[in-house]
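Quick notes on the structure that follows.
The values are calculated or read from the model by the stated rules, or taken from the named source; none is laboratory data. Fair warning: this is a prediction, and the values are worked out from it, not measured in the lab. Virtual Cβ from ideal backbone geometry, glycine too; neighbours counted across all protein chains shown. SASA here: full protein model, heavy atoms, side chains in, ligands and nucleic acids out. Shrake-Rupley method; radii C 1.70, N 1.55, O 1.52, S 1.80 Å.
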Amino acid sequence: MELLRANLSRVRIPEPTNRIYKQECCISFDSPKSEGGLFIDMNTFIAFGKECVGWNFEKTENPVYLHIRQTKKPVSEDRPLKKPTLLAIGVDGGFDNNDPEYEETQNIVILPDYVTLPFPSVELPEKVRLAVDAILMAEGAERKEQVASWTADKKQISTYAMNLQQLDKGVIVPPSGWKCAKCDKTENLWLNLTDGMILCGRKNWDGSGGNNHAIEHYNETGYPLAVKLGTVTSDLDATGNATMLL
């Protein structure tokens with residue numbers, strides 16, 4: 001545990017804009033189902049198989065990894081067959097597609113000696129527990145990229161973006177902890193691309209959502225483009241497009 005504490009500075013808690021790779025090694029085809037499992041760098045959130053994680057350690061000197069391994073559960077030969085009640089495959093009540101079930105284990109591994117600490121454990125530092133929880137709960141970047149490739153459309157270029165005016169008003173946008181500049185809203189926030197103001201979005205019919213401050217700001221200034229915070233990754237790839245406030 002002391003070794004882990006000594007390397008806490010190399011552990012990061014993922015931000016909403018970070019891409020997290022946790023389904024396949026970025027070099028090989030290893031996955032959590034592979035014999036050696038998958039090692040996720042807890043600083044860069046990039047995954048490596050057993051044969052490649054040492055290379056990453058030598059290159060980055062990042063020693064702390066989340067190790068995920070999935071092992072196939074044994075199937076009882078006398079398992080009773082359920083009569084399907086739905087004309088579907090692989091859903092509750094449908095036909096059994098006979099896909100194997102897997103049991104997943106997670107551990108914290110510290111290189112270069114592969115010191116292994118079990119997860120979950122209350123003895124782990126809080127920063128590590130929060131980081132692992134965020135990694136496990138996040139949708140893998142691989143999945144996002146697959147969905148994006150399936151739904152990719154030709155992107156439209158706004159005439160406003162071609163001649164976008166950007167004013168230097170000393171506004172610094174933090175990586176997290178966003179809040180509307182005119183109220184206490186911390187969700188449904190929009191960054192105006194001209195002056196950097198962070199303001200809440202439209203108010204829904206039921207009173208939820210924002211307080212219309214982004215729209216009001218456009219009406220006052222005429223600055224037409226804004227992007228929803230949380231939809232742009234750290235490498236500037238937008239999962240959501242800039243929106244005209246017209």
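Among residues of the stretch 99-123 that are surrounded by 15 or more Cβ atoms within 10 Å (Cβ to Cβ), those with a Cβ under 8 angstrom from a residue that is part of a strand (DSSP E or B) and of a type in the set (Phe, Trp, Tyr), sequence gap 6+ or separate chain, pair up as 106/119; 107/119; 108/65; 108/119; 109/39; 109/65; 110/65; 111/65. With respect to residue 208, is the statement that it is loosely packed, with under 15 Cβ neighbours inside 10 Å, closer than 23 Å to residue 13 by Cα and either in contact with a Leu (Cβ under 9 Å, 6 or more places away or on another chain) or polar (S, T, N, Q) (or both) true? No, not satisfied.
Would you confirm whether or not the stretch 95-106 contains a residue that is outside any strand (DSSP E or B) and either modelled with pLDDT of 95 or more or of a type in the set (Val, Ile, Thr) (or both)? Checking the stretch 95-106: not a single residue is outside any strand (DSSP E or B) and either modelled with pLDDT of 95 or more or of a type in the set (Val, Ile, Thr) (or both). Only a single item in (1) out of contact with any Cys (no Cβ under 6 Å at 6 or more places or on another chain); (2) surrounded by 10 or more Cβ atoms within 10 Å (Cβ to Cβ) is not met by residue 162, and it is number (2). Go through 206, 133, 195 for me and flag whichever is farther than 29 Å from residue 20 by Cβ and at pLDDT 85 or above. Step by step, each of 206, 133, 195 is checked, and only 195 is farther than 29 Å from residue 20 by Cβ and at pLDDT 85 or above.
Considering the stretch 1-83, the qualifying strands (runs of 3 or more DSSP E), each wholly inside and each with 2 or more residues that are open to solvent by 30 Å² or more (accessible area, probe 1.4 Å) and either hydrophobic (A, V, I, L, M, F, W, C) or free of Cβ contacts under 8 Å to residues at least 60 places away in the same chain (or both), run over 64-72.
Residues in the stretch 71-85: is at least one under 18 Å from residue 119 (Cβ atoms) and at pLDDT 85 or above? For the stretch 71-85, residues under 18 Å from residue 119 (Cβ atoms) and at pLDDT 85 or above: present. Checking the stretch 219-226 against the condition returns a match, with at least one residue being in contact (Cβ under 8 Å) with a residue 12 or more places away in the chain, more than 21 Å from residue 15 (Cα to Cα) and open to solvent by 50 Å² or more (accessible area, probe 1.4 Å).
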